[in-house]
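The values are calculated or read from the model by the stated rules, or taken from the named source; none is laboratory data. Nothing here was measured: the structure is a model prediction, and the numbers come from that model. Positions of Cβ are generated from backbone atoms using ideal geometry, with glycine treated the same way; all protein chains shown enter the neighbour counts. The protein model used for the area step is the full one, side chains on, heavy atoms only, and it has no ligands, DNA or RNA in it. Shrake-Rupley method; radii C 1.70, N 1.55, O 1.52, S 1.80 Å.
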Amino acid sequence: MIIHLPNTITHAHAQELADELEALYFAKEAYHVLVTSHTIHTLPSEIAAMALQVWDMPTDMQLSARSYMPHTHRVAIGNTYIGGDGQNQLMIAGPCAVESREQIEQSCQMLKSLGIKVLRAGSYKPRTSPYTFRGLGEDGLKLLTEMREKYGLLIATEMRDATHADKVIEYADIVQVGAKAMYDHGLLTAAGQSGKPVILKRGFSATLQELVHAADFVMSCGNDQVMLCERGIRSYETQTRFTLDLCGVAWLKKHCNLPVILDPSHAMGYAYGVADLARACTAMGVDGLLIETHPKPEQAKSDAAQQLSHEQFEEMYKSLEPIAKAVGKTLI
Ligand code: PEP
Ligand code: MN
């Protein structure tokens with residue numbers, strides 16, 4: 001259940017009422033928001049009398065549900081946005097990991113030449129094997145900060161775990177919570193409290209319900225700047241790395257009030273399919289794409305097989321424009 005209370009009462013009073021209901025509480029400019037478990041269906045009379053509006057939600061998909069807020073949240077991307085009126089499709093691109101100054105600088109130059117706004121590269125990589133490259137850590141974040149200053153790009157980078165969440169939040173413009181971390185409620189809360197835009201990736205074995213509940217963890221901290229990212233789920237198929245769930249994307253667009261972005265790179269796992277998938281996703285009218293591209297993919301320290309060369313990326317990017325236009329979107 002979601003309850004809006006008037007902003008004429010104090011924060012302390014709203015918090016008291018939330019405590020009484022065992023509800024989560026955060027304040028918006030125009031009202032206070034209380035969110036209780038969906039199992040509560042009756043309100044104490046004092047709160048019922050005071051409430052501006054009450055939504056009796058059938059599940060714990062609450063703040064992220066269209067049945068609460070019918071319009072897609074507008075997520076700020078520097079001085080532009082995705083979501084809202086749905087007119088923009090954002091390109092988020094870069095190498096899987098920041099590996100060296102030379103590599104990340106080459107990436108920035110390519111993105112800049114195409115007018116792309118967001119550089120995405122990880123510095124804390126969640127790897128399946130402990131013997132593989134796990135990222136440059138804070139040194140990588142510092143390199144990304146240099147790149148932001150030099151090229152005017154926004155930096156999207158990932159928090160792998162709680163040991164460095166505060167550092168990533170300090171350096172990043174956009175915080176990524178990866179597929180393996182989607183269930184980490186500590187990270188979700190940290191991302192929520194950061195107030196920064198968040199890319200929330202769907203765990204590869206997570207149901208859509210679990211993904212939107214994870215989004216509610218972020219949103220219940222008062223942060224509605226969340227982009228849901230479908231990046232492929234595990235199926236019985238082994239010839240591709242994962243299976244991109246486009247039916248799930250259609251479901252999210254219908255039921256969820258957050259912009260949806262797609263990551264065909266991790267879904268496919270091989271560079272050869274990424275451009276076709278990017279075009280298919282664009283035709284679906286998604287709010288953004290996340291594509292991995294590396295100046296020398298064969299030398300990449302993580303996810304080498306799926307990263308596009310810069311030439312492949314440029315060719316793919318140029319092919320998206322007419323498709324985006326046909327579905328009423330502008331590439332940003
Ligand atoms: C990544 O974005 O580089 C990554 C590790 O992706 P995922 O969390 O989707 O596996
Ligand atoms: Mn990757």
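For this structure, a couple of remarks:
- Being in a loop (DSSP other than H, G, I, E, B), at pLDDT below 95 and farther than 30 Å from PHE133 by Cβ holds for only one residue in GLU29, GLU46, and it is GLU29.
- Among the residues making up segment 231-276, a single one is over 20 Å from the mean Cα position of the chain (by Cα), crowded, with 18+ Cβ neighbours inside 10 Å and away from ligand 2 (no atom under 16 Å from the Cβ): ALA275.
- Complete set of residues in segment 217-230 that are surrounded by 24 or more Cβ atoms within 10 Å (Cβ to Cβ) and more than 16 Å from ligand 2 (Cβ to nearest atom): PHE217, VAL218, MET219, GLN225, VAL226, MET227, LEU228
- When the criteria are applied in full, ARG66 meets the requirement of being among the basic types (Lys, Arg) and either surrounded by 20 or more Cβ atoms within 10 Å (Cβ to Cβ) or away from ligand 2 (no atom under 16 Å from the Cβ) (or both).
- Qualifying positions in segment 277-303 - over 21 Å from ARG234 (Cβ atoms) and either aromatic (Phe, Trp, Tyr) or open to solvent by 10 Å² or more (accessible area, probe 1.4 Å) (or both): ARG279, ALA283, MET284, GLY285, ASP287, PRO295, LYS296, PRO297, GLU298, GLN299, ALA300, LYS301
- Enumeration of residues in segment 284-318 that are in contact with a helix residue (DSSP H, G or I) (Cβ under 6 Å, 6 or more places away or on another chain), away from ligand 1 (no atom under 13 Å from the Cβ) and of a type in the set (Ser, Thr, Tyr): SER309
- Residues being in a loop (DSSP other than H, G, I, E, B), within 12 Å of ligand 1 (Cβ to nearest atom) and under 15 Å from ILE77 (Cβ atoms) - total across segment 219-235: 0
- Test result for HIS11, open to solvent by 20 Å² or more (accessible area, probe 1.4 Å), over 28 Å from MET227 (Cβ atoms) and at pLDDT 95 or above: yes
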